Amino acid sequence: MPKVSTDADGYYYRAWATEEFGAKSAPALEEIYKEYFAAPALRPSQPGPDSFTRWYGDQFYHSEARRLILEKLSGHQVFSLPNQSPKWSQPHVAPSGTPDSRHEELARDVEACAGAQPRWDSVWANAVAAEKLADPDRRNYYQAQVLTMIAINRESNLMLLELARAMQDDDAGQTAKAESEAAEALRALDAVQQEMAAAEYGKWKNWYRGDWLTGVYRTHELVQDYANHLKDPLAKLPAPALWSGWEGYFHIMEYEDDRTVDVR
């Protein structure tokens, strides 16, 4: 997820770009990453002692989208399966807001993502233009480590923007407009998956097969479910459960099993 950039980061990216893509690319990539760190919107802090500010970034776009869809399609009765502690935390009904708080959430997501989209578009355009500066034998790596990373955030931002707009229009009875926006959200997710596939070259083939935590494919499934519901209210519905994070940690713990590491 994006973070705040510092002067030290600027030096790091100049050195990194020189090593990975050749010295010719370094000045451009330093500027691109300054843009990258400034592109995402901030989610306003929540009131209370546990308040915090979140970036709108890769994983958050998808967890937010899945939550919004499941709450909408379940009538705000969503069952939550624990993620990081499935062996000792019990499943439970997820907290649900009021109709007013839902309207506020959708408005916040629309405002934040609409404001961020031109910034992400600029980062993308500059990164595409700078690709020619990379050494020819490193352009596959440039695709994987620069273009794909930017595209995941850019297209995921667009996905959440269009989904939130669709839900606003759905609530307002503007179903045809909502269907069009849901279709745009699906196209944005298709673009993410195309960029991920483009990054899987050589020994990195199937790298994104393990995309369990961000879960782009799970988001795609749920946005498709929502689009189907808009076209046909009697369409099949997904299970009203937030469980995709559980999948990732299940695979991780299954792999770890009883392995230990000597850290002494």
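The values are calculated or read from the model by the stated rules, or taken from the named source; none is laboratory data. This is a predicted model, so every value here is computed, not measured. All Cβ positions, even for glycine, are placed from backbone atoms using ideal geometry, and neighbour counts span all protein chains on display.
A few remarks follow.
- In segment 103-110 there is at least one residue that is buried (at least 17 other Cβ atoms within 10 Å of the Cβ) and under 16 Å from the mean Cα position of the chain (by Cα).
- Looking at segment 69-178, the helices (runs of 4 or more DSSP H) lying wholly inside it that each contain 1 or more residues that are touching a residue at least 24 places away in the same chain (Cβ under 8 Å) and in contact with a Leu (Cβ under 6 Å, 6 or more places away or on another chain) sit at 99-130, 148-171.
- Top-ranked residue of segment 221-257 - restricted to ones that are among the hydrophobic types (A, V, I, L, M, F, W, C) and assigned to a helix (DSSP H, G or I), ranked as surrounded by the most Cβ atoms within 10 Å (Cβ to Cβ): Val223
- Against the conditions (1) at pLDDT 95 or above; (2) β-branched (Val, Ile, Thr); (3) within 19 Å of the chain's Cα centre (by Cα); (4) under 24 Å from Val110 (Cα atoms), Thr214 satisfies every one except (1).
- Taken together, the residues in segment 93-123 that are hydroxyl-bearing (Ser, Thr, Tyr) and either at pLDDT 95 or above or more than 19 Å from Ser63 (Cβ to Cβ) (or both) amount to 2.
- Only one of the listed residues (Thr214, Thr260) is of a type in the set (Val, Ile, Thr), farther than 26 Å from Gly57 by Cβ and in a loop (DSSP other than H, G, I, E, B). That residue is Thr260.
- Of the residues examined, Leu186 is not one that is in a helix (DSSP H, G or I), touching a Pro at 6+ places or on another chain (Cβ under 7 Å) and touching a residue at least 24 places away in the same chain (Cβ under 8 Å).
- Members of segment 112-152 found to be charged (D, E, K, R) and more than 17 Å from the chain's Cα centre (by Cα), listed by number: Glu131, Lys132, Asp135, Asp137, Arg138, Arg139
- Boolean, Leu230 is at pLDDT 90 or above, under 17 Å from the mean Cα position of the chain (by Cα), of a type in the set (A, V, I, L, M) and within 18 Å of Leu160 (Cβ to Cβ): no
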